[in-house]
Amino acid sequence: MNKLLLLGDEAVAQAALDAGISGVYAYPGTPSTEITEYIQSSDKAQKENIHRAWSANEKTAMEAAMGMSFAGKRSMVCMKHVGVNVAADPFMNSAISGIVGGLVFVAADDPSMHSSQNEQDSRFYGRFAMIPVLEPSNQQEAYDMAYQAFELSEKLGFPVMLRITTRLAHSRSGVIRREERAQNELHFSDDPRQFVLLPVNARQRYKRLLAAQQDMQAISEASSFNTFLPGKDMSKGIIACGIAYNYLMENFQDGCPYPVLKIGQYPLPKEAVAQLLESCDQLVVLEEGYPLVEEMIGGLLNVGNKVTGRLSGILPRDGELNPDIVAAAFGLKTTKLYEKPEVVMPRPPALCQGCGHRDMYDALNAAIADYGERAKVFGDIGCYTLGYLPPFRALHACLDMGASITMAKGAADAGLEYAVAVIGDSTFTHSGMTSLLDAVYENTPITVIISDNEVAAMTGGQDSPGSGRLEAICAGLGVEPEHIRSLLPLKKNHDEMVRVIKEEINYPGVSVIIPRRACIHTLKRKKTASNEN
Amino acid sequence: MKIDIILAGVGGQGILSIAAVIGEAALNQGLFMKQSEVHGMSQRGGDVQSNLRISDQAIYSDLIPTGKADLVLALEPMEALRYLSFLSVDGWLVSNSVPYVNIPNYPEEEKLQESISGFQRKVILDVDSIAREAGSVRAANMVLLGAASPFLQLDYSGLEQAVRHIFGRKGETVVELNLKALSMGKAIAEQVLKP
């Protein structure tokens, strides 16, 4: 079969299509977005009507995927690492109930925080839920692991996590496909108690999960994704997890002199780790993310410092790995001939020229200019987070999806006079609606600006499920209709916007202002697409 | 055969269309390749780069190590300089000469020129003007690719074939425009390389 040139994300998507999924469920988030987009644009998904619409958030995505699995069909759920926090409730409980149709949970981590607010390592979640985790080192493995993960999930009766990181997700390489498999038929569990997690059932299910740990361990020990490469120099033994393997081999093009245990499947293969530990003077653990494996093997005390890695300090504790960092850990020299000249300035991302968020921030800054420390603006996750940077310097907080509204509420509860939340349309329907309900319930004096560009813009312009119904949602949640104000954010409307914002922040209750203008990028793309068709 | 390229520019300039043509030409010659891209927040007018690696052997790292790049290919002069530390002993710098100024502290033109002129193995050209001459400023990326073509170790006809395929759905006029832009870029590099 011909090689396809695929991003890591696309390789995962192609594998899921070939493995016979009946649906993908996801909320867009860098670096996971392209998985679902690939399925959305696939002919097969359209022809077979494979579910592929975006979900409101990661929790609803995971629950819907569980519903599909309940009905016997294969489903995949995809999200960025911090999305796993949002989906954590159904995710943890999916390991208690188990599955019927194969369920693969894709967590795309973002070490170095290229586009995120932390660099948490999803392998911890896999371990927490006590389910198998697969971690590919390249695009072909991403395909192979995703494909096999569905079989593994059905064989064990539990979800399987596939953990990737930004570098693999957004790098392209040739991938060879496997045989296409038909979708499952609709069928249900033999056990009517399986999905009803009343304590009486849940205790039984949990025992089943605990008992299955032995099987998961045995499968890991024998897995072809965990391979041992012998080496002559026993002064070091290397454990290379996922993509870290590439950076190791980049430095040893003619073969690594030390024995290497390449890890692609968890739980860790205990026997292989023990053998390596015994036969070598020192263990070097290379892993992308937190020092999970290093800590597991070294333990709390790591007597004799035999286990080294990010925790011991031979590698940096934070940030993404690269060939240079790994070279330094082995004392190898890199050749740097030229320095970056001093004239080179940082070029941070910025809101696009002509973007409606700019007009919104100009108006907001003017409206609260006189209030000084008596006004604070709570931001949220999206393009408009860039309002923190000059020239706007408009934001005082940005924590997680939806937190703008609830943090504003808490600060107002504490006595802040002018508490303003700025949130995007997609983020509002992701996690802001319940926050708004809390404020309505207590009639907390906050002003919520839903800066509506009618898409999830930062991740590339995906549909926003609240489009066209934001006013109705706010009214439905109980915001007084006269305090739901829609605006057209344009330079020429600046004075009117300032006036409306001033009016509403001086209203001692909940008000919502909705400046609405389509994302200029999405408009441009739609125009180009319609010209080409 | 092995060539490591760093493509650099500002988010929105379209460095990935250059990578797509090189990538397709490489795959058609049966070579291995890896190409890492920047998606997400940086695409909003920030500095973006792509690591493109081509080889007749399997490639491990998606990222090019410091001092190992054969070519830095940039759509913007300050962005070209940002990745200088990745260039190898024999590495070449091929860059657009026209600054893209979207930050308040962008360096003075003189200082930028000084920094660039200190570097020997380079092809610096005004890709926009040349593209306009070829027929449209939209072909600027292909001018830059043309200027890089003598350093790529790929058949020039393979690059042409990839251009035909990638721009094919936009019609013959667009294909011809891009092929012309490609050859004009190539001519300038060959002029520089003349002993």
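The values are calculated or read from the model by the stated rules, or taken from the named source; none is laboratory data. Quantities reported herein were computed from a predicted structural model and do not represent experimental measurements. With ideal geometry, Cβ positions are generated from the backbone for all residues, glycine too; neighbour counts draw on all protein chains shown. Note: accessible area is taken over every heavy atom of the protein model, side chains too, but ligands, DNA and RNA are not part of it. Shrake-Rupley method; radii C 1.70, N 1.55, O 1.52, S 1.80 Å.
Hey, could you check the stretch B:90-134 for residues that are within 24 Å of B:Lys68 (Cβ to Cβ) and in contact with a Ser or Thr (Cβ under 8 Å, 6 or more places away or on another chain) and say which is surrounded by the fewest Cβ atoms within 10 Å (Cβ to Cβ)? Even if it seems obvious, please write down each step before you answer.
Residues of the stretch B:90-134 within 24 Å of B:Lys68 (Cβ to Cβ): B:90-96, B:115-116, B:118-124.
With the extra rule that they be in contact with a Ser or Thr (Cβ under 8 Å, 6 or more places away or on another chain), the set shrinks to B:116, B:122-124.
Details: B:Ile116: 20, B:Lys122: 17, B:Val123: 21, B:Ile124: 20.
The extreme case among them is B:Lys122.
Among the residues of this structure, A:Tyr143 does not count as one that is crowded, with 22+ Cβ neighbours inside 10 Å, out of contact with any Pro (no Cβ under 9 Å at 6 or more places or on another chain) and assigned to a helix (DSSP H, G or I). Could you tell me whether the stretch A:48-68 includes any residue that is at negative phi, within 14 Å of another protein chain (Cβ to nearest Cβ) and touching a residue at least 24 places away in the same chain (Cβ under 8 Å)? Within the stretch A:48-68, none of the residues are at negative phi, within 14 Å of another protein chain (Cβ to nearest Cβ) and touching a residue at least 24 places away in the same chain (Cβ under 8 Å).
For residues that are small (Gly, Ala, Ser) and farther than 30 Å from B:Ser129 by Cα, scanning just the stretch B:54-78, find the one that is most open to solvent (accessible area, probe 1.4 Å).
Result: B:Ala58.
Can you find, within the stretch A:250-267, the residue that is most open to solvent (accessible area, probe 1.4 Å) among those that are closer than 21 Å to A:Ala146 by Cβ and away from chain B (no Cβ under 14 Å)? Restricting to residues being closer than 21 Å to A:Ala146 by Cβ and away from chain B (no Cβ under 14 Å), the top hit is A:Pro267.
Restricting the stretch A:309-357 to residues that are within 20 Å of B:Asp47 (Cα to Cα), within 7 Å of chain B (Cβ to nearest Cβ) and free of Cβ contacts under 8 Å to residues at least 12 places away in the same chain leaves a set whose member that is most open to solvent (accessible area, probe 1.4 Å) is A:Glu339. Under the condition of being among the hydroxyl-bearing types (Ser, Thr, Tyr), open to solvent by less than 10 Å² (accessible area, probe 1.4 Å) and assigned to a loop (DSSP other than H, G, I, E, B), the residues counted in the stretch A:96-124 number 1.
Considering every residue within the stretch B:142-156, establish whether at least one is open to solvent by 60 Å² or more (accessible area, probe 1.4 Å) and outside any helix (DSSP H, G or I). There is at least one residue in the stretch B:142-156 that is open to solvent by 60 Å² or more (accessible area, probe 1.4 Å) and outside any helix (DSSP H, G or I). Does the stretch A:359-373 contain at least one residue that is within 30 Å of B:Ser88 (Cα to Cα) and either more than 14 Å from every other protein chain (Cβ to nearest Cβ) or in contact with a Gly (Cβ under 9 Å, 6 or more places away or on another chain) (or both)? No.
Determine whether A:Asn49 is part of a helix (DSSP H, G or I), surrounded by fewer than 22 Cβ atoms within 10 Å (Cβ to Cβ) and of a type in the set (S, T, N, Q). Criteria not met by A:Asn49.
Scanning the stretch B:23-53 for residues that are among the acidic types (Asp, Glu) and either open to solvent by less than 30 Å² (accessible area, probe 1.4 Å) or modelled with pLDDT of 95 or more (or both) turns up just one, B:Glu37.
Quick grid of which residues meet (1) within 21 Å of A:Ala394 (Cβ to Cβ); (2) not hydrophobic (A, V, I, L, M, F, W, C):
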position: A:Glu417; (1), (2): yes, yes
position: A:Met433; (1), (2): no, no
position: A:Leu436; (1), (2): yes, no
position: A:Ala439; (1), (2): yes, no
position: A:Glu442; (1), (2): no, yes
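Determine, yes or no, whether A:Leu301 is in a loop (DSSP other than H, G, I, E, B) and in contact with an Asp or Glu (Cβ under 6 Å, 6 or more places away or on another chain). No.
A:Gly461 falls short on exactly one of the conditions (1) within 14 Å of another protein chain (Cβ to nearest Cβ); (2) out of contact with any strand residue (DSSP E or B) (no Cβ under 8 Å at 6 or more places or on another chain); (3) buried (at least 20 other Cβ atoms within 10 Å of the Cβ), and that condition is (2).
A count restricted to the stretch A:221-241 and to residues that are under 26 Å from A:Asp144 (Cβ atoms) and not in a strand (DSSP E or B) stands at 8.
Yes or no: A:Asp452 acidic (Asp, Glu), touching a residue at least 60 places away in the same chain (Cβ under 8 Å) and open to solvent by less than 10 Å² (accessible area, probe 1.4 Å)?
yes
Determine whether B:Ile103 is closer than 19 Å to B:Leu7 by Cα and either outside any helix (DSSP H, G or I) or within 14 Å of chain A (Cβ to nearest Cβ) (or both). Criteria not met by B:Ile103. Go through the stretch A:421-449 residue by residue and tally those that are open to solvent by 10 Å² or more (accessible area, probe 1.4 Å), part of a helix (DSSP H, G or I) and farther than 26 Å from A:Ser115 by Cα. Going through the stretch A:421-449 one residue at a time, the tally reaches 5.
Checked against the criterion of being open to solvent by 60 Å² or more (accessible area, probe 1.4 Å), more than 14 Å from every other protein chain (Cβ to nearest Cβ) and among the aliphatic types (A, V, I, L, M), the stretch A:389-400 contains one or more residues that satisfy it.
For B:Gly12, the conditions (1) open to solvent by less than 10 Å² (accessible area, probe 1.4 Å); (2) closer than 23 Å to B:Ser97 by Cβ all hold with the exception of (1). hydroxyl-bearing (Ser, Thr, Tyr) and closer than 26 Å to A:Gly126 by Cβ: does that describe A:Ser189? Taking the combined requirement at face value, the residue satisfies it.
The set of residues in the stretch A:284-301 being under 25 Å from A:Ile164 (Cβ atoms), free of Cβ contacts under 8 Å to residues at least 60 places away in the same chain and either crowded, with 18+ Cβ neighbours inside 10 Å or within 14 Å of chain B (Cβ to nearest Cβ) (or both) consists of A:Val284, A:Val285, A:Leu286, A:Glu287, A:Pro291, A:Val293, A:Glu294, A:Ile297. Looking at B:Val38, B:Val72, B:Val10, just one residue is touching a Leu at 6+ places or on another chain (Cβ under 7 Å) and either more than 22 Å from B:Val127 (Cβ to Cβ) or among the β-branched types (Val, Ile, Thr) (or both), and that residue is B:Val72.
What single numbered condition from (1) touching a Phe, Trp or Tyr at 6+ places or on another chain (Cβ under 7 Å); (2) surrounded by fewer than 24 Cβ atoms within 10 Å (Cβ to Cβ); (3) part of a helix (DSSP H, G or I) fails to hold for A:Ile473? Of (1) touching a Phe, Trp or Tyr at 6+ places or on another chain (Cβ under 7 Å); (2) surrounded by fewer than 24 Cβ atoms within 10 Å (Cβ to Cβ); (3) part of a helix (DSSP H, G or I), only one is false for A:Ile473: (1). Looking for something assigned to a loop (DSSP other than H, G, I, E, B) and buried (at least 19 other Cβ atoms within 10 Å of the Cβ) - is there at least one such residue anywhere in the stretch A:361-377? No, that holds for no residue. Consider A:Ala274 carefully, then state whether it is open to solvent by less than 60 Å² (accessible area, probe 1.4 Å), more than 21 Å from A:Glu141 (Cβ to Cβ) and touching a Phe, Trp or Tyr at 6+ places or on another chain (Cβ under 8 Å). Here the answer is no, as A:Ala274 does not meet what is asked. Where strands (runs of 3 or more DSSP E) sit wholly within the stretch B:22-80, those with at least 1 residues that are within 7 Å of chain A (Cβ to nearest Cβ) occupy B:32-36, B:47-55. In the stretch A:207-233, the residues that are open to solvent by 50 Å² or more (accessible area, probe 1.4 Å) reach residues that are among the β-branched types (Val, Ile, Thr) with C-beta atoms within less than 8 angstrom, at least six apart or across chains, in these pairs: A:Phe228/A:Val260; A:Leu229/A:Val260.
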